[in-house]
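The values are calculated or read from the model by the stated rules, or taken from the named source; none is laboratory data. The structure presented is a predicted model; accordingly, all values stated were derived computationally and were not measured. Quick reminder, even Gly has a Cβ in these numbers, built from the backbone with ideal geometry, and neighbours come from all protein chains shown.
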Amino acid sequence: MKPAPFEYHAPEATADVLALLAAHGDEAKPLAGGQSLVPMLALRLTRFEHLVDLNRVPDLAGVERRNGALRVGAMTRQADLAGDAAVPLLGLAIPLIGHFQIRNRGTVGGSIAHADPAAELPAVALALDAELEIAGSSGSRTQAAADFFTGTWMTTLEPDELLLGMQFPVWDGRSGFAIEEVARRMGDFALVGAACGIALGDGDRIDKAAIALFGMGSTPLRASVAEAALTGDAPGESELVEIGQLAVADLDPPEDIHASSRYRHSVGAHVVTRAVTRALEDARGG
């Protein structure tokens, strides 16, 4: 199929992007990497009167370390962060996204703003308590990732607002990270997945735990109860199995043609256990 007709805009400055979004409101849509939007347009799952291409706006891309965080411009290509050392969870997540052609074109900000609940990067942003930089006609604001996702493909972004970049906190000290997922094929969206970070203190006890689930609801979900159970503990193998079960205990995962709710619930517990186990091994040095 072909997309419905639209007017194409190619601004070269952030201010011009914001002016176009303000002028056209919900009839306009920013175009980043296009890896999600273009197929949806082609299948006529959505339509917009105006597409605002962000690819000619240089200040929307780039990566820099500042104030204890890694600041990633929204138009930074996913492939540019593969194997990232400053924020290892980002580097671990990138190779799981689609195939290399998608990662070469897809953007970090585009994935987070698209807010697919089965995608890796929204879950990483949630797990790491990322701060999102947003600008619109009424000014700029910063929003925590925990408050950004509101539903499937839905966020708090207003029609005249644009995601400019993300700040991912850098974990110092003895920290370990892991991301685990189950998908039908390599490159497919995850049926269920978990992103995990662990920081160790004295006696190998956990000072900080972060667990975010994806594919388990209409948004990425934080496993706060499981995180609290881990904090202050030096868990063994049997305790980690219980942590996996605790992380999904109150969840009612979606059901579709690919997996039942019961399947996602069961596999989700195992995925959390594997992610926490690997993150702990990483934090302990191998």
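Below, the figures for the structure above:
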read-out	value
Flag for residue 77 being under 21 Å from residue 35 (Cβ atoms), outside the structural domain of residue 184 (by TED's automatic domain parsing), among the basic types (Lys, Arg) and more than 16 Å from the chain's Cα centre (by Cα)	no
Residue count, the range 208-226 (criterion: more than 19 Å from the chain's Cα centre (by Cα) and more than 30 Å from residue 185 (Cβ to Cβ))	2
Residue check, residue 197 surrounded by fewer than 23 Cβ atoms within 10 Å (Cβ to Cβ) and not in a loop (DSSP other than H, G, I, E, B)	no
Qualifying position, being closer than 28 Å to residue 99 by Cα, among the hydroxyl-bearing types (Ser, Thr, Tyr) and surrounded by fewer than 23 Cβ atoms within 10 Å (Cβ to Cβ), among 142, 150, 156	150
Number of positions in the range 208-241 that are under 17 Å from residue 193 (Cα atoms) and either part of a loop (DSSP other than H, G, I, E, B) or free of Cβ contacts under 8 Å to residues at least 24 places away in the same chain (or both)	9
Close pairs from the range 252-277: first modelled with pLDDT of 95 or more, partner surrounded by fewer than 20 Cβ atoms within 10 Å (Cβ to Cβ) and hydroxyl-bearing (Ser, Thr, Tyr), Cβ under 6 Å, at least 6 apart	253/261; 255/261
Test result for residue 122, in a loop (DSSP other than H, G, I, E, B), crowded, with 16+ Cβ neighbours inside 10 Å and touching a strand residue (DSSP E or B) at 6+ places or on another chain (Cβ under 8 Å)	no
Some residue of the range 178-197 being farther than 24 Å from residue 112 by Cα and assigned by TED's automatic domain parsing to the domain that holds residue 265	no
Test: residue in the range 166-178 that is touching a helix residue (DSSP H, G or I) at 6+ places or on another chain (Cβ under 7 Å) and either over 29 Å from residue 64 (Cβ atoms) or acidic (Asp, Glu) (or both)	no
Test result for residue 147, of a type in the set (Asp, Glu), within 10 Å of residue 220 (Cα to Cα) and at pLDDT 95 or above	no
Unmet criterion (only one of (1) farther than 15 Å from residue 130 by Cα; (2) in contact with a strand residue (DSSP E or B) (Cβ under 7 Å, 6 or more places away or on another chain); (3) crowded, with 16+ Cβ neighbours inside 10 Å) for residue 90	(1)
